[in-house]
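**Student:** Could you have a look at this structure, given as structure tokens, before my questions?
The values are calculated or read from the model by the stated rules, or taken from the named source; none is laboratory data. Quick caveat: nothing in here was measured; it's all calculated off a predicted structure. Please note: Cβ atoms are built from the backbone with ideal geometry, for glycine as well, and neighbour counts cover all protein chains shown. Ligands, DNA and RNA are excluded from the accessible area calculation, which covers all protein heavy atoms including side chains. Shrake-Rupley method; radii C 1.70, N 1.55, O 1.52, S 1.80 Å.
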Amino acid sequence: MDKQPHILVVDDEPEIADLVGVYLASEGYAVTKCLTAGEALEAAARESFDLAVLDVMLPDLSGFTLCARLREQYPFPILMLTAKTGDMDKINGLTIGADDYLTKPFNPLELVARVKAQLRRYTRYNAGEQKSADEVDVAGLTMNKGTHRCWLYEQEVSLTPTEFDILWTLCIHKGQVISAEQLFEQVWGEKYLDRNNTVMVHIRRIREKLGDTDRGEGRLIKTVWGVGYRIG
């Protein structure tokens, strides 16, 4: 993408729109901010955008409706912001055409990382390129299996080969719950034995390296008690 990427930010809370705008502008992006869906539709008809960040709760139309209307005419990626956990099923289902989502309150650095990931995908798609099977972008994480390198919010994270393989397995199964047994047999290539806490210990170390703790529970790597782990 040779030109400066242009991003549409739609949020009826000026403070949040300004915050998002500041972080995106600091990365060299051009930003147009709108407080309503109507303003956003007018801006989209008037200007050319490379990505949109949409709040779900807007005063005129819902962010879902706005997303659907934009998707009818424009191919650029759309990232949704929501404070309602009940919206997750709609967003996860991608039935409205959204490419990604973040829940409020969010880490601005994570938002920037996800914007970058979506723009990379969009650029490759428009250039007719296939995304390498050796690279994944999930929730601010970028992993390259060919080089065994990992980045979080553009900062490289040093992982052991085993830690990398565990995290890679979770990332390529984004949104799915992977049991400790499945992880062990996938990574170690051996039969899993009951009461083997090897996976749990490695997950804890990975979380520490990612700074992925929130009152004892991971923000990136989620524990589904009695079932396993998932990411995204």
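**Student:** Taking amide hydrogens as modeled 1.01 Å from N in the peptide plane, which residues meet the under 5 Å criterion relative to V157, leaving out close sequence neighbours?
**Tutor:** It is C150, W151, L152, by chain and number.
**Student:** Roll a 1.4 Å probe over the protein heavy atoms and report the accessible area of E42 in Å², nearest 10.
**Tutor:** About 120 Å², ignoring ligands and nucleic acids.
**Student:** Between their Cα atoms, which of K104/K145; K104/K222; K33/K222; K33/K104 are more than 27 Å away from each other?
**Tutor:** From the list (K104/K145; K104/K222; K33/K222; K33/K104), the Cα-Cα distance tops 27 Å for K104/K145; K33/K222.
**Student:** Continuing with the same structure: Rounded, prolate or oblate: which one fits the range 16-88, using the alpha carbon gyration tensor with axes a ≥ b ≥ c (rounded when a/c is under 1.5, else prolate when a/b beats b/c, else oblate)?
**Tutor:** oblate
**Student:** In what order, largest first, do T147, T162 sit by accessible area if the probe radius is 1.4 Å?
**Tutor:** Result of the area sort, largest leading: T147, T162.
**Student:** What is the calculated FRET efficiency for S179 to D134, with r their C-beta to C-beta distance and R₀ = 22 Å, to the nearest 0.05?
**Tutor:** It comes out at approximately 0.30.
**Student:** Expected output is a single nm value to one decimal: the length gained when fully extending between R219 and V22, i.e. 0.36 nm times separation in residues minus the C-alpha distance. What is it?
**Tutor:** Length gained, R219 through V22: 68.5 nm.
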